[in-house]
Amino acid sequence: MKQDRLLAKKILRLESQAVSQLAKRINRDFERALDLMQNCAGRIVVTGMGKPGFIARKIAATFASTGTPSLFLHPAEAIHGDLGMVTKQDIVIAISNSGETEEITRLLSTIKKIGARLIALTGNVKSTLAKNSDVVLNVGFEKEACPWNLAPTASTAASLAMGDALAICLAKRKGFREEDFAFLHPGGSLGKKLLRVRDLMRRGKQHPVVRGSATVEKALLAITSARAGSCTIVDQSGKLKGIFTDGDLRRHLERNGVSILSRPIAPLATKKPLTIEENKLAAEALRILRDRKIDELPVVDRRGRPVGLLDVQDLLRAGFV
């Protein structure tokens, strides 16, 4: 119905206004909140009651996923013993639009006794919560997005946006990187997109490397010992000269029989194979393997020396294929 569409648009406008107003309030208090959290030796403890509690859970999760140890504390459970989770090294972020939520205000004196610092996200900068906080961030708004100005809608949207701003700015201050995000999200599709070749490649004993003068038999023993599908061939200076794969072995056996086992491996290897550097995205390595229909990709440093081997099986285990 047209009436539904009009109401939906009004709701979205009101919520977007509540969020956009926050940009004008980013001031020294926001920086002070970041200073506290950056110097925090403990965790970021986020608390809120009711709908703000769900927002608090999400904010805590965002801090954790961007490299800042964090947890959600239910205020009702806190006053029945869970305050033991809070230490004097922690920073508590309390979310309450009115700043007078009973379950929140009952925590304040104990938080002070514990010694934890307190950051308030509230729409009432003169509230009990605000007066007892080290830093107050104003997330107030003109009215809720619901027609009765009752259901937490614009207020929760504003609190969530402010929490995201705090978490991301803190992550940036702390030098959080794409690689760190991937490390903390090993099971997610986002993390996989950010994995580097070095995170998956075979190295050390799992990466067979032989000189070009080595016999095919010696190379096969190295491949078997490493449980790999190929071995890397290097020259006297340690630079990559080629790769010897299962496919190379089958082709030469068909032509020359087992007599190849005693021959030097260099003339039988695939020369100038495709390579990749270890800091490249694993997704790029997968594209090369697929496009060129190969199973192994030597990993080299900037001097052309092999530092690892990426096998399609490694990508399979990581869930890329």
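The values are calculated or read from the model by the stated rules, or taken from the named source; none is laboratory data. What you are looking at is a predicted structure, and each value in this text was computed from that prediction instead of being measured. Glycine also receives a Cβ, built like all others from the backbone with ideal geometry; neighbour counts cover every protein chain displayed.
Within the stretch 46-53, is there a residue that is touching a residue at least 12 places away in the same chain (Cβ under 8 Å), assigned to a strand (DSSP E or B) and among the β-branched types (V, I, T)? So far as the stretch 46-53 goes, yes, one or more of its residues are touching a residue at least 12 places away in the same chain (Cβ under 8 Å), assigned to a strand (DSSP E or B) and among the β-branched types (V, I, T). Among residues of the stretch 3-20 that are at negative phi, those with a beta-carbon under 7 Å from a residue that is modelled with pLDDT of 90 or more and surrounded by 16 or more Cβ atoms within 10 Å (Cβ to Cβ) at least six positions away or on a different chain give the pairs E15/A157; A18/A157; A18/A158; V19/A157; V19/A158; V19/A161. Listed residues I79, I59; which is more than 21 Å from S127 (Cα to Cα) and either surrounded by 14 or more Cβ atoms within 10 Å (Cβ to Cβ) or among the basic types (K, R) (or both)? Step by step, each of I79, I59 is checked, and only I59 is more than 21 Å from S127 (Cα to Cα) and either surrounded by 14 or more Cβ atoms within 10 Å (Cβ to Cβ) or among the basic types (K, R) (or both). Taking the stretch 88-111 as the search range and keeping residues that are free of Cβ contacts under 8 Å to residues at least 60 places away in the same chain and within 12 Å of I44 (Cβ to Cβ), which one is surrounded by the most Cβ atoms within 10 Å (Cβ to Cβ)? Restricting to residues being free of Cβ contacts under 8 Å to residues at least 60 places away in the same chain and within 12 Å of I44 (Cβ to Cβ), the top hit is A94.
For the stretch 113-157, taking the residues that are in contact with a Leu (Cβ under 9 Å, 6 or more places away or on another chain), among the small types (G, A, S) and in a loop (DSSP other than H, G, I, E, B), the one that is farthest from G84 (Cα to Cα) is identified as A145.
Report the residue count in the stretch 222-268 for those that are polar (S, T, N, Q) and within 24 Å of R302 (Cβ to Cβ). Don't jump to the end; show me each part of the working.
We begin by selecting, within the stretch 222-268, every residue polar (S, T, N, Q); these are 224-225, 230, 232, 236-237, 245, 256, 259, 262.
Adding the requirement that they be within 24 Å of R302 (Cβ to Cβ) leaves 230, 232, 236-237.
Going through the stretch 222-268 one residue at a time, the tally reaches 4.
Against the condition surrounded by fewer than 18 Cβ atoms within 10 Å (Cβ to Cβ) and of a type in the set (A, V, I, L, M), how does L249 come out, does it pass? Answer is no for this residue.
Counting only residues that are assigned to a strand (DSSP E or B) and modelled with pLDDT under 90, the stretch 202-231 holds 0 of them. Close contacts from the stretch 152-170, counting a first residue that is not assigned by TED's automatic domain parsing to the domain that holds N39 and a second that is of a type in the set (A, V, I, L, M) and not in a helix (DSSP H, G or I), with Cβ to Cβ under 8 Å and a gap of 6+ residues or different chains, come to none at all. On the basis of being outside any loop (DSSP other than H, G, I, E, B), assigned by TED's automatic domain parsing to the domain that holds M201, within 30 Å of E179 (Cα to Cα) and more than 30 Å from the chain's Cα centre (by Cα), does I243 make the cut? So I243 passes the test.
Quick one: which residue in L253, L309 is modelled with pLDDT of 90 or more and assigned by TED's automatic domain parsing to the domain that holds V209? Break it down into steps so the answer makes sense when it comes.
Working: L253 fails: modelled with pLDDT of 90 or more.
Every option except L309 fails the conditions.
Give the stretch 23-45 a look and list any residue that's surrounded by 13 or more Cβ atoms within 10 Å (Cβ to Cβ), hydrophobic (A, V, I, L, M, F, W, C) and in a loop (DSSP other than H, G, I, E, B), or say none. Residues satisfying the conditions are I26, C40.
Looking at K280, K192 in this structure, which one is over 14 Å from L310 (Cα atoms) and touching a residue at least 24 places away in the same chain (Cβ under 8 Å)? Reasoning before the result, please.
On the way: K280 fails: over 14 Å from L310 (Cα atoms).
Residue meeting the stated conditions: K192.
Restricting the stretch 278-321 to residues that are in contact with a Ser or Thr (Cβ under 6 Å, 6 or more places away or on another chain) and more than 12 Å from V197 (Cβ to Cβ) leaves a set whose member that is surrounded by the fewest Cβ atoms within 10 Å (Cβ to Cβ) is P306.
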